[in-house]
Amino acid sequence: MPDPIIPSPIAIPQPRLDELRQRLAQTRWPDAETVGDESQGPPLAAMRSLVDRWAGGYDWRRCEAVLNGLGPSRTTVDGLDVFFLHVRSPEPGALPLLMTHGWPGSVLEFRHVVGPLTDPVAHGGRAEDAFHLVIPSLPGFGFSGQPAEAGWGPGRIAAAWITLMDRLGYGRWAAQGGDWGASVTEIISRMAPEGLVAVHFNMPLVFPSPEERERATPHEQAMIDDAQRYQTMLSAYMQEMTTRPQTIGYALADSPVGLAAWIYTLFQDVSDSGGDPTSVFDLDELIDDVMMYWLPNAGASSARLYWEAAQAGMSPPSGPNPTPAGFSIFPKEQVRASRRWIEARYETVLHCNELEAGGHFAALEQPVAFTDEVRATFRTVR
């Protein structure tokens, strides 16, 4: 008998929220940056503003209610407790869609697209574009279990997600992802399980070959340059978590402000916000995301996914990906790809579009465009 799927509403004990406020009140701040921009990291004034809100008017119970309204559930897969949101569409012909977040995101990345994707008619869309949504927390993230042994890399997660979809009774389904979600979705698509009809990426895992670099158009060269700038200037967090996740884990577990700054940096650096995340994201929603790491003490356990992926290594694909795929390229995503690079690696490209605005956190930054892109990708495979 497979492990059961059980409802799993979130209810954080009040003493834990009170203890957090005490920690925030006792923050020892660093001195201010010595530059007039965010090039040294999150500016002191920005972090003070966030913490003032966090310790003052921010209400976790509001976020808790959002999560509990999205079908929070859990089951055990491959020995690990998996927390996921399961939102069924009122439309009988809805296509089941597995959506996987990345770091430093969470299942809440998709909060603004759940309604339009599951109930398109209520949001000005068409019934035939409806989806049933399955949105799991990655192992070691959010309210999923934290692996107690090595080995939970993207490949093992992909296999677990296939099991999850089978356990939910979905014999025909699709998958979507960005960041680590893109890595997991790519592996699922190459596993090509029976019933998987297509996939969608908002971060293409497509890296140009030396020959493609030599023949790059000016537009493609801009993509190469942005990826190189990211690697050189913005990827320190990734290097740390890839090589020493336990080291940074102590700070992320002990200091809520340290954790918030570690996460805020990515919202600052890879969103389409000009370095000011609050110009794009609601401040309370940024804090919600931090809470998805603070409350379950997931700083170290989530960081280990980078280490796990490095241990597994990256084997080059054996050939073009056989699963039909769609791609949405947002301009401030640091890892982008041209259509011709994509078509050289995927047998069937259902959809490929470059958007005018948006960055790494596409579903949060541009929920309307993201919804349209997902609908467009899967229309021909329903």
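How many percent of the accessible area of the chain is carbon or sulfur, using a 1.4 Å probe? It would help to have the intermediate numbers written out before the result.
Values: 8390 of 16120 Å².
Here carbon and sulfur together make up 52 percent of the probe-accessible area.
Using C-alpha pairs below 8 Å separated by at least 6 residues, the relative contact order for the stretch 147-214 is 32 percent. Mean separation of Cα pairs under 8 Å and 6 or more residues apart, divided by the residue count, gives the chain a relative contact order of 18 percent. What net charge do the residues around VAL381 carry, taking every other residue with its C-beta under 13 Å from that of VAL381, with Lys and Arg at +1 and Asp and Glu at -1? Within the 13 Å Cβ shell, the charges total +2.
Report, in deg cm²/dmol and to the nearest 500, the calculated mean residue ellipticity at 222 nm for the chain, where each DSSP H run with n ≥ 4 adds -39500 (n - 2.57) and the sum is divided by the residue count.
Only helices count here, giving -12500 deg cm²/dmol.
3J(HN,Hα) along the stretch 187-197, derived from phi through the Karplus expression 6.51 cos²θ - 1.76 cosθ + 1.60 where θ = phi - 60°, amounts to 5, 4, 5, 7, 5, 6, x, 4, x, 6, 9 Hz, with x in place of Gly and Pro. Rounded to whole Å, give me the distance from the Cα center of the stretch 171-201 to that of the stretch 309-356. Rounded to whole Å, the Cα centres lie 12 Å apart. Taking every protein chain into account, the accessible area of the stretch 204-254 amounts to 62 square angstrom per residue (probe 1.4 Å).
All other residues whose Cβ lies under 12 angstrom from that of PRO120 are scored, Lys and Arg at +1 and Asp and Glu at -1, for a net of -2. Using the Cβ-Cβ distance between ALA310 and ALA122 with R0 = 51 Å, the FRET efficiency computed as 1/(1 + (r/R0)^6) comes to roughly 0.70. Remark: the stretch 107-183 carries 29 Å² of accessible area per residue (probe radius 1.4 Å; ligands, DNA and RNA excluded). Among the protein heavy atoms, those of SER89 account for about 20 Å² of accessible surface (1.4 Å probe, every chain in place).
Write down the percent of antiparallel bridges among all DSSP beta bridges whose residues are both part of the chain, to the nearest 5. That works out to approximately 35 percent antiparallel. Toward the positive end of the charge dipole of the stretch 189-320, with +1 on the Cβ of Lys and Arg and -1 on the Cβ of Asp and Glu, the farthest Cα among THR232, MET291, SER271 is that of THR232. Taking other residues whose beta carbon is less than 14 angstrom from the beta carbon of PRO72, and scoring Lys, Arg as +1 and Asp, Glu as -1, yields +1.
Using a probe of 1.4 Å, the accessible surface attributed to GLU347 totals some 120 Å² when neighbouring protein chains are kept in position.
The values are calculated or read from the model by the stated rules, or taken from the named source; none is laboratory data. Note that the coordinates shown come from a computational prediction; the quantities given were computed from them, not determined experimentally. Every residue, glycine as well, gets a Cβ built from its backbone with ideal geometry; the counts of neighbours run over all protein chains shown. The protein model used for the area step is the full one, side chains on, heavy atoms only, and it has no ligands, DNA or RNA in it. Shrake-Rupley method; radii C 1.70, N 1.55, O 1.52, S 1.80 Å.
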